[in-house]
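Following: one structure in structure tokens, then a few remarks.
The values are calculated or read from the model by the stated rules, or taken from the named source; none is laboratory data. Given the structure is predicted, the values throughout are model-derived calculations rather than measurements. FYI the Cβ positions are ideal-geometry reconstructions off the backbone, even for glycines, and counts take in every protein chain you see. These area figures cover heavy atoms from the full protein model, side chains too; ligands, DNA and RNA do not enter into them. Shrake-Rupley method; radii C 1.70, N 1.55, O 1.52, S 1.80 Å.
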Amino acid sequence: MLFHVQFDAVDGPRLLKPQKLAIQVGVTHRLRIAPTATATRPSRCSSESHPFPGSRLETYEQIAQAYAARTRENPHNALCERPATLALLGDLDAARMLEVGCGPGHYAEELVRRGCNLDSFDINPTFVAQTHARVGDRAHVFVHDVAAPWSFASASTYDQILAALVLDYVDDWSGILAECRRVLRPGGAVVASIVHPFASIEASPSKDYFRQEVIEERWPSYGVTIRCFRRSLTDVFGAFIGAGFTIDALIEPAPLPECAERYPEKFQRLSARPGFLCLRARRSRPHKASAAFEHLRRHQ
């Protein structure tokens, strides 16, 4: 099922009518609110938001060519996460769109095909070059650090923002989400995907689901170790709600049927355990913390 869930910055969480999609969303009764989820935040990103200065840049620069080739048709990205994330974007014809962390350009290629006016950036120069090679003059592609101020965009510029598998590399989301809210037009949305918290707990050194922490995962096929942050579902939702967004759609994607034929073992694993979490969060008005989350934060 694809559940449309409203986690609202004004009215609190509401479950709307489910729609068919071979997916199930589990709901737990236990909630914790991160102490920083509703705190006052600066309106611009700071360099402190970047988890490991230079590490993601250096690691992905090493594997950029192999990563671009493998993620084009692999089970995790091409046959699971990417189709679900794209489904949340809806009609993009003539929309003004920002892609945060374009990677090798697989998303950008599809976005311009759908007719949007796209600005796309990444911190990795090789990824930017790969993306530009895919889209040419159909998009504005440039090098930029997601954690630096977004001085390239004025307020209320974009209809949607895509952040696919980017936020896992950032410790404090508040500055980035504040920038998202600033540059989005009223009613605009952020569509984001992350590694599912139930999947990332497997690499957790503490095995404490509710602890936000650094995790390291070896990618033997690439010969590198990837470092990122893991956080609970409540911390994920709390960050968006605290930044003034309403979460109105959520998918825990299952792999496409063709994955079963091409990658049967990966298909079984991705079908039985959620690998990714994809969500859509709309800019709310007014911007204030929900009473439900404030109550839980005070009484945790």
Inset, instruction - Starting from the amide H of L184, placed 1.01 Å from N in the peptide plane, find each other amide H under 5 Å away whose residue is 5 or more places distant or on another chain. - result: S156, T157, Y158
Inset, instruction - Find the all-direction average of the projected area of the Cα convex hull for region 151-203, expressing the result in square nanometres with one decimal place. - result: 4.2
Inset, instruction - Can you pull the one-decimal nm distance between simple spin-label points at R70 and R227, each 7 Å off the Cα toward Cβ? - result: 2.0
Inset, instruction - May I ask you to give the percent of accessible area on region 109-249 that is carbon plus sulfur, with a probe radius of 1.4 Å? - result: 52
Inset, instruction - Pull out the extension gain between R113 and W219, defined as 0.36 nm times the separation in residues minus the alpha carbon to alpha carbon distance; nm, one decimal. - result: 35.0 nm
Legend entry - Under Karplus coefficients 6.51, -1.76 and 1.60, residue-wise ³J(HN,Hα) of region 191-198 in Hz, glycine/proline x: 10, 10, 10, 9, 5, 4, x, 6
Inset, instruction - Can you figure out the FRET efficiency of Q62 with A94, using R₀ = 22 Å and their beta-carbon distance, to the nearest 0.05? - result: 0.05
Inset, instruction - Show the residues, 5+ positions off or on another chain, whose built amide H is closer than 5 Å to the amide H of H196. - result: F276, L277
Inset, instruction - Please say if region 92-207 is rounded, prolate or oblate, where rounded means a/c under 1.5 for a ≥ b ≥ c the square roots of the C-alpha gyration tensor eigenvalues, and otherwise the choice is prolate for a/b larger than b/c and oblate otherwise? - result: prolate
Inset, instruction - Calculate the dipole size of region 145-258 relative to its Cα centre from +1 charges on Lys and Arg beta carbons and -1 charges on Asp and Glu beta carbons; express the result in debye to the nearest 20. - result: 200
Legend entry - For peptides 83-93, 261-271, sequence by mean Cβ density within 10 Å, most packed first: 83-93, 261-271
Legend entry - Label-point gap, in nm, between R182 and F152 - each point 7 angstrom along Cα→Cβ: 1.5
Inset, instruction - Determine the per residue accessible area of region 144-200 with all protein chains present and a 1.4 angstrom probe, expressed in square angstrom. - result: 26
